[in-house]
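See below for the structure under consideration.
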Amino acid sequence: MAHTLELGLDTFGDVTWDAGGSPLPMPQVIRNVVAEAILADDVGLDFFGVGEHHREDFAVSAPEVVLAAIAGRTSRIRLGSAVTVLSSDDPVRVFQRFATLDAVSGGRAEVILGRGSFTESFPLFGLELRDYEQLFEEKLELFAELLKEEPVTWAGSTRAALTEQQVYPPTGSGSLRTWVGVGGSPQSVIRAAHYGLPLMLAIIGGEPRQFAPMVDLYHRALSQFGIGQRPIGAHSPGYVAATDEQAREELWPHYAAMQERIGKERGWGPMSREQFEHTAGPDGALFVGSPETVATKIVKVAGELSLSRFDLKYSVGTLSHEKLMTSIELYGSRVAPLVRERMPEA
């Protein structure tokens, strides 16, 4: 029997370079993201996600606004965040914004909730990092109540209590598709299972198969909570070109520069070409290469982790908009058909 695998793309609105090697203005980057999403719809992909960040290397801080612009120029592709930093936002406002996106897109909205891999939003919105865990736990609890689309009664320490409060607008279907994005935290996996929410794995380093115990934990937790099977997705960076050599040569300088920039903030050493080649290899977390190579890797990882969706984080550092458009076209027209043809074999 065929295994259904949704194929998506996501981006953080990485600030890209122009032909002369200078960074594009953020307004242009945002307009380019809209164009990239339109192409993703045209080539038949299932999902387009936009992440939330508050720093100089990523242009998108309000993904719902960008997604609404995309909704008006696409017809079928599902639209969502990648991720929404729930810890530093208000759950009621997040629900209202995505319910509104669901309305203007004709029921195509979904949200991926997470704690985020960066912390700039905490001081920006007057929050303390020491409350990192409590903020997410309480706000996810409230969001799970909001998803019922019934009057909400809730109390916690991170926002004002609600008593039989109805939140508007409701979604047309009565259901907003909501995922919980996780990195390597078992507690986050159990939390997603507790609320019966689909799991989105952020696989940005190491080997994807190392996430198999997380998948097993999720299934066991769902069972213990008396909840049926839920979808599991994965998000990984990648880039598609005509050949493996072309893809790696075009990606390498931009990927290395991005790793070095973020590494300086986190105490990592510079990435070597040898490390890059290993990460881009058959067992690594970077999905880079020809359509054949990328499709083979997606099928392999989808089988290992029982995935229902795979999202390629197609924007990688300063790699140009023109090259990203080519990568998207190849992903939709060449990679996706190969994956869909081979999934029954996985």
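The values are calculated or read from the model by the stated rules, or taken from the named source; none is laboratory data. Source: prediction; values computed, not measured. Virtual Cβ from ideal backbone geometry, glycine too; neighbours counted across all protein chains shown. Areas reflect the complete protein model, heavy atoms only, side chains present, ligands, DNA and RNA absent. Shrake-Rupley method; radii C 1.70, N 1.55, O 1.52, S 1.80 Å.
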Kirkwood Rh over alpha-carbon pairs of the chain, then Stokes-Einstein at 20 °C and 1.002 mPa s: what D in µm² s⁻¹, rounded to an integer?
105
With point charges of +1 on the Cβ of Lys and Arg and -1 on the Cβ of Asp and Glu, referenced to the Cα centre of the chain, which listed residue (A35, A212, V288) lies farthest in the positive direction of the dipole?
A212
Kindly express, to the nearest 10 degrees and within the range 0 to 90, the angle between helix 132-146's C-alpha long axis and the longest C-alpha principal axis of the chain.
70
Expected output is a single nm value to one decimal: the length gained when fully extending between S173 and F125, i.e. 0.36 nm times separation in residues minus the C-alpha distance. What is it?
14.0 nm
Treating only Lys and Arg (+1) and Asp and Glu (-1) as charged, each at its beta carbon, one finds that the chain has a dipole about its Cα centre, in Debye to the nearest 20, of 400
Of all beta bridges DSSP finds with both residues in the chain, what is the antiparallel percent, to the nearest 5?
10
Label-point separation (nm) for K148 and D18, each offset 7 Å from Cα along Cα-to-Cβ?
5.4
Quick one: net charge around E120, please, counting Lys, Arg +1 and Asp, Glu -1 for every other residue with C-beta under 12 Å from its C-beta.
-3
For K148, the lysines lying under 19 Å Cα to Cα, once residues fewer than eight places off in the same chain are dropped, come out as K139
The answer for the net charge of residues other than Q134 whose Cβ lies under 13 angstrom from its Cβ, with Lys and Arg +1 and Asp and Glu -1, is -1
Rank these residues by their accessible area, most exposed first, probe 1.4 Å: R130, R261, R78.
R130, R261, R78
In order through the stretch 275-281: 3J(HN,Hα) via Karplus (6.51 cos²θ - 1.76 cosθ + 1.60), integer Hz, x for Gly, Pro
5, 4, 4, 5, 5, 7, x
The stretch 240-302 versus the stretch 68-108: alpha-carbon centroid distance in Å:
30
Run the dipole for the stretch 199-277 about the Cα centre, Lys and Arg Cβ at +1, Asp and Glu Cβ at -1, nothing else charged, and hand back the magnitude in debye, nearest 20.
480
Would you compute, from DSSP H runs of 4+ residues alone, the mean residue ellipticity of the chain at 222 nm, taking -39500 (n - 2.57) per run and dividing by the full residue count, rounded to the nearest 500?
-13000 deg cm²/dmol
Whole-number accessible area per residue in Å² for the stretch 29-77, which is evaluated in the context of all protein chains at 1.4 Å
34
How high is the relative contact order of the chain? Use alpha-carbon pairs under 8 Å, at least six apart in sequence, and give a whole percent.
20
What is the percent carbon and sulfur in the accessible area of the chain, measuring with a 1.4 Å probe over the protein chains and ignoring ligands?
53
Using Cα positions and a limit of under 19 Å, work out the lysines in reach of K300, with same-chain residues fewer than 8 apart set aside.
K313
